[in-house]
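Participant: After the structure tokens below, expect a handful of questions from me.
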Amino acid sequence: TLAKHEVPIPIALRLFLPDTWIKDPGRLQRAGVPKTFWVERSKPEIALAELQRVMQAGVSFGAVVTDAGYGISAPFRQALSALGLTWAVGTVRIQKVYPADVQMITPPPSRGRSRTRQIPDQEAVSAEAMLAKVSWRRVTWRRGTKGPLRARFAAV
């Protein structure tokens, strides 16, 4: 769904098939699912394929915004960044996060083979712990069919 101002417009729908369907070819055939869709794909994988298809078609949009069902997928978030997209995703309270000023450093020497990958200079904490320290603000962004759409937000 793409949105401008207050008007969301669905531009594509793709079928998500759970494992129980993928592992039952007879069921897929009876339901008329095309064979090209008889492959296990997660919702984030489907969303990324659709985003790439929309981008290749020349459709312009501002940012990708998703709920935590997509936000918990590190490969999804990394792919959004690799595509050069601006994004904001929901997360779960136990998600490990780093402060905005985290730096990647060379690890200190240790016994055995030396590490070749850099490590964060700070420990990750749960999103809940990090957001407990910041002020929250109630935001109303538009009126929906059941009243104002609003929620509490915090930014770090």
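The values are calculated or read from the model by the stated rules, or taken from the named source; none is laboratory data. Here the structure is a predicted model, which means the values were calculated and not measured. Note: ideal-geometry Cβ built from the backbone for every residue, glycine included; neighbour counts use all protein chains shown. All accessible areas refer to the heavy atoms of the entire protein, side chains included, with ligands and DNA or RNA removed. Shrake-Rupley method; radii C 1.70, N 1.55, O 1.52, S 1.80 Å.
Participant: From the list S110, S126, which residue is open to solvent by less than 100 Å² (accessible area, probe 1.4 Å), among the polar types (S, T, N, Q) and touching a residue at least 12 places away in the same chain (Cβ under 8 Å)?
Facilitator: Working: S110 fails: touching a residue at least 12 places away in the same chain (Cβ under 8 Å).
Going through S110, S126 in turn, just one is open to solvent by less than 100 Å² (accessible area, probe 1.4 Å), among the polar types (S, T, N, Q) and touching a residue at least 12 places away in the same chain (Cβ under 8 Å): S126.
Participant: Among the listed residues P120, P99, P109, identify the single one that is over 22 Å from G69 (Cβ atoms) and in contact with a helix residue (DSSP H, G or I) (Cβ under 9 Å, 6 or more places away or on another chain).
Facilitator: Residue meeting the stated conditions: P99.
Participant: Checking Y98 against (1) open to solvent by 90 Å² or more (accessible area, probe 1.4 Å); (2) in contact with an Asp or Glu (Cβ under 8 Å, 6 or more places away or on another chain), only one condition comes out false. Which one?
Facilitator: Every listed condition holds for Y98 apart from (2).
Residue-wise test of (1) closer than 30 Å to W141 by Cα; (2) in contact with a Phe, Trp or Tyr (Cβ under 9 Å, 6 or more places away or on another chain); (3) of a type in the set (A, V, I, L, M, F, W, C).
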| residue | (1), (2), (3) |
| --- | --- |
| R14 | yes, yes, no |
| G26 | no, no, no |
| E45 | yes, yes, no |
| L48 | yes, yes, yes |
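Participant: Right, next: Would you mind stating whether K133 is surrounded by fewer than 12 Cβ atoms within 10 Å (Cβ to Cβ) and more than 20 Å from H5 (Cα to Cα)?
Facilitator: Working: surrounded by fewer than 12 Cβ atoms within 10 Å (Cβ to Cβ): yes; more than 20 Å from H5 (Cα to Cα): yes.
So K133 fits the description; yes.
Participant: Given the criteria touching a helix residue (DSSP H, G or I) at 6+ places or on another chain (Cβ under 8 Å), of a type outside the set (D, E, K, R) and surrounded by 14 or more Cβ atoms within 10 Å (Cβ to Cβ), does V33 qualify?
Facilitator: Yes.
Participant: When both residues are 6+ apart or on different chains and their Cβ atoms are under 8 Å apart, which pairs have a first residue that lies in region 48-63 and is within 15 Å of I9 (Cβ to Cβ) and open to solvent by 60 Å² or more (accessible area, probe 1.4 Å), and a second that is among the hydroxyl-bearing types (S, T, Y) and not in a loop (DSSP other than H, G, I, E, B)?
Facilitator: G62/T86
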